[in-house]
2 protein chains.
Amino acid sequence: MLSERNRKVLCAVVQSYINKPDPVGSRFVTKKYAFNLSPATIRNIMADLEEMGFLSQPHTSAGRIPTDKGYRFYVDSLCREKPTVDAKFSNILKSKLESIKSDIYTLLKEATETLAAMSHYLVFAVPLKTDSTTLNRIQLFRYRNKQTVAVLLTNEGLVRSKMLDTNFGLSQKDLNRISDYLNSEFSGCTIDEIRSALIKQMSKEKALCDILISKAIAICKEALFFPSTDLIVSGFSELIGLPDFSGRIKEIAKAIEDKHTILKLLDRLSASTDGVKVVIGSENPMEELKKLSIVMATYKQGDRSLGSVGVIGPTRMDYSKTIPMVELTAKSISAVISR
Amino acid sequence: MLSERNRKVLCAVVQSYINKPDPVGSRFVTKKYAFNLSPATIRNIMADLEEMGFLSQPHTSAGRIPTDKGYRFYVDSLCREKPTVDAKFSNILKSKLESIKSDIYTLLKEATETLAAMSHYLVFAVPLKTDSTTLNRIQLFRYRNKQTVAVLLTNEGLVRSKMLDTNFGLSQKDLNRISDYLNSEFSGCTIDEIRSALIKQMSKEKALCDILISKAIAICKEALFFPSTDLIVSGFSELIGLPDFSGRIKEIAKAIEDKHTILKLLDRLSASTDGVKVVIGSENPMEELKKLSIVMATYKQGDRSLGSVGVIGPTRMDYSKTIPMVELTAKSISAVISR
DNA sequence: TTTTAGCACTCTAACCGTTAGAGTGCTAAA
DNA sequence: TTTAGCACTCTAACGGTTAGAGTGCTAAAA
């Protein structure tokens, strides 16, 4: 579809614009990227590329800047090359994650902070999807009069606690029995499985003679309704400092603060195939994020994918550097939680 | 120190500037604030106020803007008046907090979000200071080979969990015994008390015959070292949208992202007297926050102050609206956790 | 047929002088 | 003590000009 020469010119323009957000002129391309062609020829090529929708002109006599389609082409053609990971980043990440032996939350936080500092973009991580989280243990505690604390422990290293309103008085002994029952029944199941199992049990409930079990189910149902996924975010200020958003900062800040939007998007994305995914500008289904690009990857335990890490930056993101970084981060997280 | 008339002029300038960040001229003051004085007289007064350091001029022939000293005077003179709380805010806050029966974290998050949305500034909350948090219960769980999960439950409704590396194998039975021991020993003590008690016990350790207890102490010591206080933050985007920081946004974003700075500051502040505290611009000891003002108040359980809520905004903050809002928020939180 | 040189054209950003308007300080009168 | 009047100053906005960068087109060269 695109001749080799056209491809090279397009990539040159994209790279130059990523490096510095000024429209790229034909003369500049010949000089900086040493084609054996004159500016005039480059102009012809660029005019062709513009016609095909890969480049655009801010105004009649300015250089060209890449369109989202241009970035897309660039990113796709990147995949053919061997990705080179920044050795410094690789080392730092390794040393940071190696020492962590606590829960997955701390692990992800450390990873996102490192990635944010080195990539200079905003970094997010989704801890765990409930549909793949399996219960290790659940324990209930009596807390004051009519409140119960449920502590959930998953096999992936997630600890969740929730305070429940139990308007029927239960002694700690009762709670222990309930906990034991829940553990024997549901240990090893995914949270989603437990939820649906509970709904089934609820209908059978009347047939049950043990009143404790029916109480157990009521409690458990509430306990499992924690906000399914939190979003860990680092490097907000990196994004804000970029010249790309000088005007629109407030909208972007709002979109990111409202983590809901991003979570919904990630949900859609992570459903698709494996490996690193890149969403560029207008490809983004959410209106608020159409000026941003996302690079994300999922991390796994064994071969079950649990959650995702990724980077949000301007469409003018340095994809060639960022993509391998995100990939490495996801792999490193996978390695730690699988050991 | 200041005549009644001068006081009124100063307050008029401050109010006008808070309302709209344009230098305030003498003519404008006479018109808008209906003194029975000519602009010329106001000019004289304003010149006096400038000499005294309450106002300043951006350039020779512009109006005046308040200095930090000017804001300080304004805030101090506000205290004499009856604070009027926005009825709408009062209602919304009440309805939001009333329905919450879960832990203190959720409570504070809801409160900060409401306050951020209504005040249009950034809102923070410090959940609990360890020196005033008392232990309700601690429970240890075996998790995989050599890891233990410690769940801490305080009397204030805080639930904390931490994964510990226990390189000596312990059965769940052992862990239960340890938990029982810790509960019987330390239930009701503040976290700080427990910490110092542990250090004492450590020295006696050799004399102890029960090896489990020494293990318990080792575990407990680690479990209690959670990051002493988290910071809950809402309304980042509100602050970013203000015209006051058009250039310096990145620095401010960084200062706030690095929650450590703010926590340190709040620690200093909350040590001082009761009631609402206001720190204006350059009064701020931290370099990064010298362009910002802080309004904060502590919330209490009974008469023990537990943590704080507050607002961070530009020095040009609407103090007369914000101060009573913060006060009400703190009081509402106190009411909920004390019931 | 493809590439290149040359030229006319266009658009922007920067510069400059001018001006209108807002605001001040000072002085003399009320 | 207050006010009116006046001269002065500073800024922001406007408009015209210019330099420079970059394009598109055409005709010649490869």
Scope segment B:145-166; condition facing another protein chain (nearest Cβ under 10 Å), out of contact with any helix residue (DSSP H, G or I) (no Cβ under 7 Å at 6 or more places or on another chain) and assigned to a loop (DSSP other than H, G, I, E, B); matching residues: B:K146, B:N155
Residue within segment B:91-110 that is closer than 24 Å to A:I104 by Cβ, within 13 Å of chain A (Cβ to nearest Cβ) and of a type in the set (A, V, I, L, M) present: yes
Matching residues, segment B:245-285, being surrounded by fewer than 16 Cβ atoms within 10 Å (Cβ to Cβ) and either part of a loop (DSSP other than H, G, I, E, B) or touching a Leu at 6+ places or on another chain (Cβ under 8 Å) (or both): B:S246, B:G247, B:R248, B:D258, B:S272, B:T273, B:D274, B:G275, B:P285
Residue match in segment B:286-307 (condition: part of a helix (DSSP H, G or I), surrounded by fewer than 19 Cβ atoms within 10 Å (Cβ to Cβ) and not assigned by TED's automatic domain parsing to the domain that holds B:K69): yes
Selection count, segment A:3-20, where residues are surrounded by fewer than 17 Cβ atoms within 10 Å (Cβ to Cβ) and within 13 Å of DNA strand D (Cβ to nearest atom): 1
Pairs, first at negative phi and charged (D, E, K, R) in segment B:1-16, second modelled with pLDDT under 90 and in a helix (DSSP H, G or I), C-beta under 9 Å, six or more apart: B:K8/B:Y33
Contacts under 6 angstrom Cβ, first residue in segment B:171-195 being within 12 Å of B:I138 (Cα to Cα) and touching a residue at least 12 places away in the same chain (Cβ under 8 Å), partner charged (D, E, K, R) and assigned to a strand (DSSP E or B), 6 or more apart: B:L175/B:R142; B:N183/B:R137
Neighbours by Cβ (under 6 Å, 6+ apart or cross-chain): first from segment B:37-52, open to solvent by less than 50 Å² (accessible area, probe 1.4 Å); second among the charged types (D, E, K, R): B:P39/B:R27; B:M46/B:R64
Conditions (1) out of contact with any Gly (no Cβ under 6 Å at 6 or more places or on another chain); (2) away from chain B (no Cβ under 11 Å); number of the one not met by A:L128: (1)
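Within segment B:1-53, which residues are among the polar types (S, T, N, Q) and near DNA strand C (Cβ under 8 Å from one of its atoms)? Reasoning before the result, please.
First, pick out the residues of segment B:1-53 that are among the polar types (S, T, N, Q): B:3, B:6, B:15-16, B:19, B:26, B:30, B:36, B:38, B:41, B:44.
Those that are among the polar types (S, T, N, Q) and near DNA strand C (Cβ under 8 Å from one of its atoms): B:S26, B:N44.
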Filter result (among the polar types (S, T, N, Q) and more than 10 Å from chain A (Cβ to nearest Cβ)) within segment B:228-249: B:S228, B:T229
Filter result (hydroxyl-bearing (S, T, Y) and away from DNA strand D (no atom under 13 Å from the Cβ)) within segment A:21-45: A:Y33
Matching residues in segment B:185-202 - criterion: being part of a helix (DSSP H, G or I), under 34 Å from the mean Cα position of the chain (by Cα) and more than 22 Å from A:V159 (Cα to Cα): B:E185, B:F186, B:D192, B:E193, B:I194, B:R195, B:S196, B:A197, B:L198, B:I199, B:K200
Flag for B:R142 being within 14 Å of another protein chain (Cβ to nearest Cβ), in contact with a strand residue (DSSP E or B) (Cβ under 9 Å, 6 or more places away or on another chain) and either closer than 23 Å to B:C11 by Cβ or not in a helix (DSSP H, G or I) (or both): yes
Of all residues making up segment A:53-84, the number that are of a type in the set (A, V, I, L, M, F, W, C), surrounded by fewer than 17 Cβ atoms within 10 Å (Cβ to Cβ) and within 13 Å of DNA strand D (Cβ to nearest atom): 1
Pair list, Cβ under 7 Å, 6 or more apart: segment A:58-79 residue away from DNA strand C (no atom under 16 Å from the Cβ), other residue basic (K, R) and open to solvent by 30 Å² or more (accessible area, probe 1.4 Å): A:S77/A:R7
Among (1) crowded, with 18+ Cβ neighbours inside 10 Å; (2) more than 9 Å from chain A (Cβ to nearest Cβ); (3) out of contact with any Gly (no Cβ under 7 Å at 6 or more places or on another chain); (4) closer than 25 Å to B:K331 by Cα, the one test that B:Y121 misses: (3)
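The values are calculated or read from the model by the stated rules, or taken from the named source; none is laboratory data. Please read these numbers as outputs of a predicted model, since none were measured by experiment. Cβ atoms come from the backbone with ideal geometry, glycine included; neighbour counts cover every protein chain shown. Areas reflect the complete protein model, heavy atoms only, side chains present, ligands, DNA and RNA absent. Shrake-Rupley method; radii C 1.70, N 1.55, O 1.52, S 1.80 Å.
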